[in-house]
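Accompanying notes for the structure given below.
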Amino acid sequence: MTLTGHSLIAGQHVAGKGTTAFGYNPATNAQLEPAYSLLTEEQLKAATNAAAEAYPSFSILEPETHAGFLESIADNIEAIGDELIIRASQETGLPEARLQGERSRTIGQLRLFAGVVRQGDFRGVRIDPAVPDRSPLPRADIRQRQIPLGPVAVFGASNFPLAFSTAGGDTASALAAGCPVVFKAHNAHPGTSEFVGQAIAKAVRDHGLHPGVFSLIYGPGSSIGQALVADPAVKAVGFTGSQRAGIALMQTAAARPEPIPVYAEMSSLNPVFVFPGALSGSAEKIDALAQQYVTAVTGSSGQLCTSPGLLFAPAGEAGDKLVAAVGRAVSAQAGQTMLTEGIAASWNSGAVALGSSDHVAVVGHGTEGGTKNAPAPAIFGTDIRSFVSNPVLHAEIFGAASLMIRYKTAQELIEATNRMEGQLTASLQLTEEDYPAASRLLPALEQKVGRIIVNGWPTGVEVGHAMVHGGPFPATSDPRTTSVGTLAINRFLRPVAYQNLPQELLPTPLQDANPWQLNRRIDGRVESGKVFA
């Protein structure tokens, strides 16, 4: 594949008329070719107009063709081969092994959603048959299905150049719902985005779909990104990034003449609660727990939305041993290259602010890495009263930094949880003897997080049917949704009811003959792929 440095609008490479931008290798700060020409707001209209034109045909696509399209995207990404991994590593500083796993996750998401499309439950078909002789009034024939919202704007994330980027979870779920996508590439990895964008465009062509089903655009987030969200053709937004940028998009979407939903994943501290039972036993057990914690904090240079930014450890001798073990473990860690020079600078500012706060001490820190933008990981400590009273200690630091908090009672954990903002996850390290205390904490956690983990760490997010990757604000903008897993498709659908329509006018999923053999809820009972008579 050849990188062009241009946007890809409805299947055509389009040179931007604005300024230019480059990708950079964060390990060296070296500029990468080619230059990427940025679109003007006037040029952006071509992408959104094409998406609107594609919607009528794409939204009613027959399931097998629709599923095959998603699978073709996966095949095309896989076919790029090592060239994709090499470019992504150059643009992000992430190791190739991590990116190979991320590519597999991206491909797996697309194939999972192909299965969802074939199975068809997401269409939410409900039929309440007419009851003409009901007393005192007859019941009309009422049928309901979920329809795609319309064109979706998706913004690439900095920390996942594949799995939360061009063909990542938001794009995959929006396309699976039947929504055309206008994808705003993250300027930190433009070449990676173009490779994947070309793979999607090829699948669109090969399946004979309207070319407006997918467009890839380059431009400044402060102008093109805002203009994309404000465009009347766009009906929903998927975003992963900073709280500041996410809120700015939410405000733009809410101020439109027709407000639209923004599904934004923003910030999370992912607290870990260590109960006394988890520290009982040998010193080796405590050392192992400390090493697991430090590994979760420092993996991918801490640039994961589920990195544990807080750990609550009990006061007393066992907790002291854990703190000491964490200090030893983190001191053996070298910094890893962060995604961009700006992200590394932001990490440094956050770490300085945390470390200089009252009643905060350094538990341990590692050494700087051997590349640029590779600061030394650091873990700090404080007491629970200081944590509850100081807002600075609740600020997310995106990168390899975390705060250990000492507590005495389960009630203190409940009070601290109640003072927290919304989070993606909470993790509990415990044994059976801790169940009574943990059961008291769980109701508070349910009000604050989207996923609760026992004796594990939050940094692995399984892509499946039961996963929730979301949580109360500011973890996400809408706690009723998830951005990972098959339920992510629900964000881009809405219900429509059809009353007394003749068979000839009914949409295919609602017809008595059930030509797509969907599972349907008929008069409240689930009927598996049957003809309704």
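Out of the stretch 171-200, which residues are open to solvent by 10 Å² or more (accessible area, probe 1.4 Å) and either among the acidic types (Asp, Glu) or in a helix (DSSP H, G or I) (or both)?
Across the stretch 171-200, the qualifying residue is only Gln198.
Checking Pro509 against (1) more than 28 Å from Pro180 (Cα to Cα); (2) surrounded by 15 or more Cβ atoms within 10 Å (Cβ to Cβ), which test does it fail?
(1)
Can you confirm whether Val468 is surrounded by 20 or more Cβ atoms within 10 Å (Cβ to Cβ), among the aliphatic types (A, V, I, L, M), within 27 Å of Gln109 (Cβ to Cβ) and at pLDDT 95 or above?
Spelling it out, Val468 is indeed surrounded by 20 or more Cβ atoms within 10 Å (Cβ to Cβ), among the aliphatic types (A, V, I, L, M), within 27 Å of Gln109 (Cβ to Cβ) and at pLDDT 95 or above.
Residues in the stretch 379-410 that are assigned to a loop (DSSP other than H, G, I, E, B), touching a residue at least 24 places away in the same chain (Cβ under 8 Å) and out of contact with any Gly (no Cβ under 7 Å at 6 or more places or on another chain): how many?
3
Could you count how many residues in the stretch 359-373 are over 27 Å from the mean Cα position of the chain (by Cα) and either over 18 Å from Val294 (Cβ atoms) or open to solvent by less than 50 Å² (accessible area, probe 1.4 Å) (or both)?
Qualifying residue count, the stretch 359-373: 9.
Among the residues of the stretch 435-465, write down those that are buried (at least 20 other Cβ atoms within 10 Å of the Cβ) and of a type in the set (Phe, Trp, Tyr).
Trp457
In the stretch 421-433, what count of residues is obtained for those that are open to solvent by 10 Å² or more (accessible area, probe 1.4 Å) and touching a strand residue (DSSP E or B) at 6+ places or on another chain (Cβ under 9 Å)?
Within the stretch 421-433, residues that are open to solvent by 10 Å² or more (accessible area, probe 1.4 Å) and touching a strand residue (DSSP E or B) at 6+ places or on another chain (Cβ under 9 Å) number 2.
Answer with yes or no whether Ala153 is within 19 Å of the chain's Cα centre (by Cα), part of a strand (DSSP E or B) and of a type in the set (A, V, I, L, M).
So Ala153 passes the test.
Residue by residue, here is whether (1) assigned to a helix (DSSP H, G or I); (2) of a type in the set (Gly, Ala, Ser) holds:
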site	(1), (2)
Thr425	no, no
Glu433	yes, no
Pro443	yes, no
Glu462	no, no
Gly471	no, yes
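The values are calculated or read from the model by the stated rules, or taken from the named source; none is laboratory data. This is a predicted model, so every value here is computed, not measured. Neighbour counts are summed over all protein chains in view; Cβ atoms, including those assigned to glycine, are modelled from backbone coordinates with ideal geometry. Each accessible area value is taken on the protein alone, full model and side chains, heavy atoms only, with ligands, DNA and RNA left out. Shrake-Rupley method; radii C 1.70, N 1.55, O 1.52, S 1.80 Å.
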